[in-house]
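Data first, discussion second: the structure below is written as structure tokens.
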């Protein structure tokens, strides 16, 4: 019997029991659809992360933030630092001088520093608690802040501690409604700030809603509101992104010198990523009260995390595919039982072991491939709906199913079709023709 003859017989058998076949392939459909959704969601999350990074200015940035020094090493040092800051440890050593000194590097194009505080903002009878974002004037040239009307504050206003403010899109509506806020005064603590601009709608980035921010000069916030000299973080934009790693190392050396931190060479140990190449050897960074990270490094870490989560979800999806495969095996047993006499007749007229086995393996594969096709269509449809829902809620979620997802679905269908169809097919091929014909 030829290949196409076997296919026709298999399709005839499937059509004669549509409900039974539909229930059989349901597990395969759910599993394959889940594979498509997992891959599409992974691409959506990855695209969302990249768009968030682009909102900060792109991959040509170096971020320096405060970090609690610790005696621990490796990943334990990072966890201990995060816990210390979460518990209220104040790191006050990162300053505007650090930003200025790093800005002198030949590959640095521009820079800004920032502080984020939460304060009560008052205007007339309106009072709103929100984030006050103190920055240097240069942020407007690096970050994606766009002014709807009015202007951003100048470097001169920053250095002179001028009480001026730029309102986020939503904050303007909360305080002033439809009226023009330019030239009017809001009060933060006991200081009156003149509104000089309103930012364009920007949305939330990394859980922070920038449209609810009030932007003020960093020195004004430091001296007249918070009474501090330090900053929370600073961003440096490089001229040549190809040299960003080298520039980051140079920044570490400068800040370490400013903070009187001794760079102690240590012995490298596999599995302890606590060192960086500085100068001639390896240096202990556990004493550092700051962390320098390139956007390229952050994206690499996030990409690794996304891939790990995708693999973990695929492992979970494989369980539903196993359930579907068991269903295929059960239906193949039923089919073999119903066609025992046919198998006996074929063997009596000369069909070989391989002929019978091949016939039922093809039938098993057809059933799983039908489930795979329906599953792919269902998964693509569900992924599209997810992207629509995400965009409806303001997320920059791209609908994309990578080509790899289709290959994985095909591989799963082939593996489960062959794997769960092999044993029933072998059982059919081993039937004794005389005993099989007796069941006629």
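The figures follow:
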{"read-out": "Residues within segment 152-164 that are touching a helix residue (DSSP H, G or I) at 6+ places or on another chain (Cβ under 9 Å) and either crowded, with 18+ Cβ neighbours inside 10 Å or part of a loop (DSSP other than H, G, I, E, B) (or both), tallied", "value": "9"}
{"read-out": "Single match in 413, 382 (criterion: under 24 Å from residue 319 (Cβ atoms), buried (at least 17 other Cβ atoms within 10 Å of the Cβ) and modelled with pLDDT of 80 or more)", "value": "413"}
{"read-out": "Candidate set: segment 172-187, residues that are in contact with a strand residue (DSSP E or B) (Cβ under 6 Å, 6 or more places away or on another chain) and assigned to a loop (DSSP other than H, G, I, E, B); chosen: the one surrounded by the most Cβ atoms within 10 Å (Cβ to Cβ)", "value": "181"}
{"read-out": "Looking only at segment 188-213, and only at residues there that are in a strand (DSSP E or B) and within 28 Å of the chain's Cα centre (by Cα), the one that is modelled with the highest pLDDT", "value": "199"}
{"read-out": "Segment 227-249, residues that are more than 15 Å from residue 136 (Cβ to Cβ) and crowded, with 17+ Cβ neighbours inside 10 Å", "value": "238, 241, 244, 247, 248"}
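The values are calculated or read from the model by the stated rules, or taken from the named source; none is laboratory data. What you see is a predicted model; the values in this text were computed from it and never measured. Every residue, glycine as well, gets a Cβ built from its backbone with ideal geometry; the counts of neighbours run over all protein chains shown.
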